[in-house]
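K.L.:
Got a structure for you, written out below as structure tokens; questions coming shortly.
Coordinate-derived values only; no laboratory data. Remember, predicted model here, so these are calculated numbers, not experimental data. Cβ atoms come from the backbone with ideal geometry, glycine included; neighbour counts cover every protein chain shown.
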């Protein structure tokens, strides 16, 4: 036995492949995502319904797939924000693609590990009605003084279209795990229905007063009454105060007796989705005929 053991060990080392085959297989390394941006690029950011969106500048050879992977999105999520790509997926150099961005992807301050060459500057695009306090506090949770100093502003006066440097984003993109788990709501389903119906009907844009029964305890259904929209179709109602949009099914006409300036009557659930507080409030409407 003493003679056999050394011979067996010698045999194993003579064929190292046998030893390696017994080892536990290593997990394959994650394939790095190609950087689609550099520190010389600029990202423009807007806020809608409390959500932040970037405008990605398209470069040569970039595809919808590479953009989705870079920003931690699925292609379907990319289509939701850029409906035009459903019919024409071609990316043209210089175009801008709308990208939802999670808060944690925005670096609001430079720390000791910050490397300028590994980050892209992010500029907020000032919208009509914006004020500096609202932008800093509500949208980014930052002191006004930080934005004043960073942008070398002499006072709080800003104008629509003005670009304010508010943060940076890493050039390596956004990990998919930074994205919140999606929940498919009834409003999402109605939105999909609206986009599908729009392919076969004419879209009309209007505005006016929305009315709803504020004291009603009714919950669950998203429906509307309108004077012109085709019954059975879906319509989009937007509350400019906050920018929220709800999609509701048209179930009938506005009854006689209501003032002519009443543009739409909404179900309590639809009105609450818009963040309505008063029984009458101004809305913008898109409906199909």
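K.L.:
Pull out the extension gain between residue 137 and residue 193, defined as 0.36 nm times the separation in residues minus the alpha carbon to alpha carbon distance; nm, one decimal. Can you show the working numbers first?
P.N.:
Working: separation 56, 0.36 × 56 = 20.16 nm, distance 3.60 nm.
Length difference between fully extended and current span is 16.6 nm.
K.L.:
Still on this structure: Calculate how steeply helix 4-14 sits against the longest principal axis of the alpha-carbon atoms of the chain, using the helix alpha-carbon long axis, and give the answer as 0 to 90 degrees to the nearest 10.
P.N.:
The two axes meet at around 60 degrees.
K.L.:
Between residue 76 and residue 113, what FRET efficiency comes out of the Förster formula 1/(1 + (r/R0)^6) with R0 = 30 Å and r the beta carbon distance, rounded to 0.05?
P.N.:
Once rounded, the FRET efficiency stands at 0.30.
K.L.:
Please find the FRET efficiency linking residue 227 to residue 156, where r is the Cβ-Cβ separation and R0 is fixed at 45 Å, and quote it to the nearest 0.05.
P.N.:
It comes out at approximately 0.55.
K.L.:
Using Cα atoms only, what is the angle between the long axis of helix 186-197 and the major principal axis of the chain, expressed in degrees (0 to 90) to the nearest 10?
P.N.:
80
K.L.:
With just the Cα atoms defining each centre, how far is segment 197-242 from segment 262-289? Give it in Å.
P.N.:
Taking the Cα centre of each part, segment 197-242 and segment 262-289 sit 6 Å apart.
K.L.:
Let me ask something else. Taking every pair of Cα atoms in segment 64-163, average 1/r, invert it to obtain the Kirkwood radius, and report Rg/Rh to two decimals.
P.N.:
Rg divided by Rh gives 1.02.
K.L.:
Based on Cα coordinates alone, diagonalise the gyration tensor for segment 90-242, multiply each eigenvalue by 5, take square roots, and list the semi-axes in whole Å, largest first. It would help to have the intermediate numbers written out before the result.
P.N.:
Working: eigenvalues 287, 93, 60 Å².
In descending order, the three semi-axes are 38, 22, 17 Å.
K.L.:
So if each residue of separation counts as 0.36 nm, and I subtract the Cα-Cα distance between residue 95 and residue 60, what length gain in nm does that give?
P.N.:
Stretched out fully, the residue 95 to residue 60 stretch lengthens by 11.5 nm.
K.L.:
How large is the translational diffusion coefficient of the chain in µm² per second when you combine the Kirkwood radius over alpha carbon pairs with Stokes-Einstein at 10 °C and 1.306 mPa s?
P.N.:
69
K.L.:
Based on the Cβ-Cβ distance of residue 204 and residue 172, what FRET efficiency does E = 1/(1 + (r/R0)^6) give at R0 = 45 Å, to the nearest 0.05?
P.N.:
The calculated FRET efficiency here is 0.50.
K.L.:
Something else about it: What is the gain in length, in nm to one decimal, between residue 261 and residue 165 on full extension, counting 0.36 nm per residue of separation less the C-alpha to C-alpha distance? Could the numbers behind the result be given before it?
P.N.:
Numbers: separation 96, 0.36 × 96 = 34.56 nm, distance 4.19 nm.
Full-extension gain reported as 30.4 nm.
K.L.:
Using only Cα atoms, what Kirkwood radius does segment 186-288 have, in angstroms?
P.N.:
After inverting the pairwise mean of 1/r, the radius is 13.4 Å.
K.L.:
Do the sum for the chain: with -39,500 (n - 2.57) for every DSSP H run of n ≥ 4, divided by all residues, what is the mean residue ellipticity at 222 nm, to the nearest 500 deg cm²/dmol?
P.N.:
Computed mean residue ellipticity for the chain: -5500 deg cm²/dmol.
K.L.:
At a 10 angstrom cut-off on C-beta neighbours, averaged per residue, how do the peptides 279-288, 53-62 rank from highest to lowest?
P.N.:
The peptides rank, most packed first, as 279-288, 53-62.
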